[in-house]
Structures are given as C-alpha cells and as structure tokens.
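One structure below.
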Amino acid sequence: MAIHHSRIVLFLFFYATFTIFCYVSVISEAKTKPTKLITKLIHRNSIHSPFHNPHHGIEDKAKFIFESSLARFANHNYKTYLIPGTHMWFIFLVRFYIGNPTIPQLAIMDTASSLLWIQCSARRSPIPLLDPIKSSTYANILCKSKFCRHFPDNSCIKNHCTYNISYVNAPTSVGNAATEQLLFESDGNIVVVSQVIFGCNTVEKTYIDNGINGVFGLGPENISMARQLANKFSYCIGDFYDPNYNRLILGDEARLEGDATSLEMSEVHYYLNLQGISIGDNKLDIDKNVFKRNLTDQSKLTGVIIDSGSIATWLINEAYYKFRNEVKRILSDSIIEDMDGCRWCLCYKGNMNEDLKGFPEVVYHFSEEADLEVGFDGIFYEATTSTFCMAVYPSSHLPYKHFWDITVIGIMAQQNHNIAYDLHEKKLYFESIDCEVYEG
C-alpha cells in the first residue's frame, strides 16, 4: 500500500519534535523575558519542513517564486493583512512549544501580521493542539485588560476578550485573546518565555495543513512577538537555493549592525525611505519622489515596504522600466520575450550561474546613506535548466489596483544579510554576512 509523501514527512517532523518534547513536557514557569532568543527559520522547501518534496526540480522552484509573490497580494482590501499562506504560499516557518505540558507548534513567520495565533483544541486534528483547560500556564485576557484593545476586531464574551482576524481569500482566525508560556530551542539550549500574548483560535482546523498551525506575527503592533521581546528582532537569510541557514533572533541583544536607515510603521507594514537604485556604477534616473508614501490618499498603498512574505521584489512602474531597460542593455543577447505563464517577465536563454558572472551589483540606496547591496542571485532565478528570469516585477501587475503604486523589497533581495529591526529607535539595519557561520 502506497503512503503519501507528505504524510511521511509530517510523521518524521512530529517524531523529531517528540524526542525533545519528552524531556520538557512539564516545565517550571519563567519569571523574566529572555534578552536574546535565537531560533532556526524553517524554509518551506528545506528538509526540516513537512512540505519538503525531494522530487521538486528547478521548474517547481521557479513556479513557487512567481506564484507565491503574486499570492502574497491576493487581497481585495489593502488595509487588512497580507495573505500569510494562501494555498500555502509561505516562505518561512517557526517551530516552538506552547503550554504546560508543552505542545509542539509550527507557525508561518510573517512581518506583515502582528498577532501570534495558533489553532487550539479541536474535535479532530492530525497534530497535537493546545488544550487551554489542560495547560497550567494558560490564561484568558479579560475585557478590561489594556491588551484587549490591541487585538484585531476585539469584542467581549463573558468578560473574556476575543478577536477576529480576516485574510481575504484565506481562512479567518477567530478565538480567545490569551497569554501562555512558550518554549524555544535556542542554539542548543531551551529558552522559556512566560505570559506571551497570543490568539487561541477556536474555529475548527482553520490553518492546519501538513502540520502548520497558525501565524507567528512579527509586525509593528503592540501585541506582536517583536514588541513583546524588547522591540528588537532580526533574521539572517542565507542562500535562497540552499534553505538550511536561516535564523530568527529576538530580544534586547539582537544584533544591530551594518548600515542603518529610518524605519516607519503602520498598523500592518514596515516602511523604508528609498532614495534611488544603482546597477553597477550607473545610478538609474528615477525621481525619488515616486517612492514616497502618500498619507493623504487612502485609496491605495504607497511607499516602500520591506517584507518577509514576498520572494520577488516589486517596483513601481516609473522605477521598474528604467531598471528593466538597464538590465536589457547589459544582457543584450538571448532575451525571451514571451515566457510561458508570464508574458511580462524578463527572461533569458542560458545558464544563470555561468552567464551572470560579472553582472554588476544592484544597490538600493536608502535614507541616511544606508545601502542594500544585492548580487545577481538576489535579482534572477533559474526558470529551467536553460533559462533564467528576473525576480523584479512591475507593481502594476499585482492583482488589485490599490497595490500598483507600492514598492516591495522581497526576501530574495535580502538574502546573505542579517536584517535587524529596532522598533523603539525606528531603525532598520542591513548587514552583509554569511548566515551559515553567523552566531547571532
């Protein structure tokens, strides 16, 4: 009898977590927040992910890059949260344990969502779930608590605070606002974080899919994990095609190194002040005002967002076509005008690693002279064994018109960097670093 591949991977994942779970199934409550927490980010395609498929080739990965970058913005209402996992088009997962006794969890890491929420007890579930009644460290948040008002669409039921978070074209999370104890594996140690504010989803199996159980929110709002752990965090993204060296660092001792630039925040997004773009020695003739955020026009999203959920980078049209024309000038041969599935993508015949040797570095220039330097592997991806495409797209091809004036710095442009957020000082840091040897 054949056994589906995803079920085997899911079994192995929970078997691995169970071996640790056995040793920490009952833990004493921590009284203070850790000053530094380092944990692995699990790339969707890594061998540590329940979605890992060893048979996926170059074309499967190319499809994932393109379709996940589009799906991120499959939302009719830009004032609500971007889609963290439509059709499971997410990039990174965070593994942790919750409750006392502890229950292993796997949630989508998202800088455009602030709430950490998980699925709580359900009638039938393929994975272990937190049962609030059985956990000695679980507590509901009361309506009179100052934290209740920070939960999305909060209301009161029997004096308990509840929430409702909506993702258009994706399931809704509805449940109880609560606090609970979380446990992380941090560089060989067990780190316990007490009284973490989170959402206990009570809608049956909202997001359970191959072991995924919720969203690990790192957004700007007061209830996010970033805010709860000293207003500082960073992530180090290694080679996108070798997804085994990615880390998340939370806490007051998070590494804040490299070029620093101003960080603005809305209820949902992190904004940067982009001044210009260079390709090699050629600074593109782009009016920097096209990157400015328009706070008076509420009909659309404007400005420059740095995002953990879009793989590709999206440029406003005025910048994109100047970027595209310069790339076409440099790579004048073997262009493919009509790539299957994307007639507006810029693609070339050839071998990416061989034909792009010597391609000039792309530099995004931000305020306060902070530069994000991106190699060719952060600009292009392999589409087939004999073609490669540019992972920089025009925002005018996003699904809805209110996104057409936005610029998004995607995760491919952030690889081989430690990206550090200081929410208190409103600064973001770019540090070029080898994430394989980075120790935080």
Please enumerate the residues belonging to the stretch 323-372 that are more than 18 Å from Tyr393 (Cα to Cα), of a type in the set (Asp, Glu) and not in a helix (DSSP H, G or I).
Asp333, Asp371
Every pair of residues 6+ apart whose Cβ atoms lie under 6 Å, when the first sits in the stretch 149-161 and is free of Cβ contacts under 8 Å to residues at least 12 places away in the same chain and polar (S, T, N, Q) while the second is open to solvent by less than 60 Å² (accessible area, probe 1.4 Å) and in a strand (DSSP E or B):
Ser155/Thr162
For the stretch 373-392, which positions are in a loop (DSSP other than H, G, I, E, B) and among the β-branched types (Val, Ile, Thr)?
Ile379, Thr385
Contact list please: Cβ distance under 7 Å, first residue in the stretch 272-292 and within 15 Å of Thr261 (Cα to Cα), second residue part of a helix (DSSP H, G or I) and open to solvent by 60 Å² or more (accessible area, probe 1.4 Å), pairs at least six apart or on different chains.
Gln275/Lys288; Gly276/Lys288
Residues of the stretch 136-153 being assigned to a loop (DSSP other than H, G, I, E, B) and in contact with a strand residue (DSSP E or B) (Cβ under 7 Å, 6 or more places away or on another chain), in sequence order, are Thr137, Tyr138, Ile141, Cys143, Ser145, Phe147, Phe151, Pro152, Asp153
When residues of the stretch 120-135 are limited to those that are among the aliphatic types (A, V, I, L, M) and assigned to a loop (DSSP other than H, G, I, E, B), the one most open to solvent (accessible area, probe 1.4 Å):
Ile133
Would you check which residues across the stretch 155-175 are surrounded by 15 or more Cβ atoms within 10 Å (Cβ to Cβ), among the polar types (S, T, N, Q) and modelled with pLDDT of 95 or more and list them?
Thr162
Would you point out which residue out of Phe380, Phe366, Phe430 is surrounded by 22 or more Cβ atoms within 10 Å (Cβ to Cβ) and without any contact (Cβ under 8 Å) to a residue 40 or more places away in the chain?
Phe380
Looking only at the stretch 393-416, which residues are open to solvent by less than 10 Å² (accessible area, probe 1.4 Å) and outside any loop (DSSP other than H, G, I, E, B)?
Tyr393, Pro394, Ser395, Phe403, Ile406, Thr407, Val408, Ile409, Ile411, Met412, Ala413, Gln414
Inside the stretch 1-119, counting only strands (runs of 3 or more DSSP E) that do not spill past its ends, which hold 3 or more residues that are modelled with pLDDT of 85 or more and out of contact with any Ser or Thr (no Cβ under 6 Å at 6 or more places or on another chain)?
37-43, 92-98, 103-110
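The values are calculated or read from the model by the stated rules, or taken from the named source; none is laboratory data. Here the structure is a predicted model, which means the values were calculated and not measured. Here the Cβ is made from the backbone with ideal geometry for all residues, glycine too, and neighbour counts use every protein chain on show. Heavy atoms of the whole protein, side chains included, go into the accessibility calculation; ligands, DNA and RNA do not. Shrake-Rupley method; radii C 1.70, N 1.55, O 1.52, S 1.80 Å.
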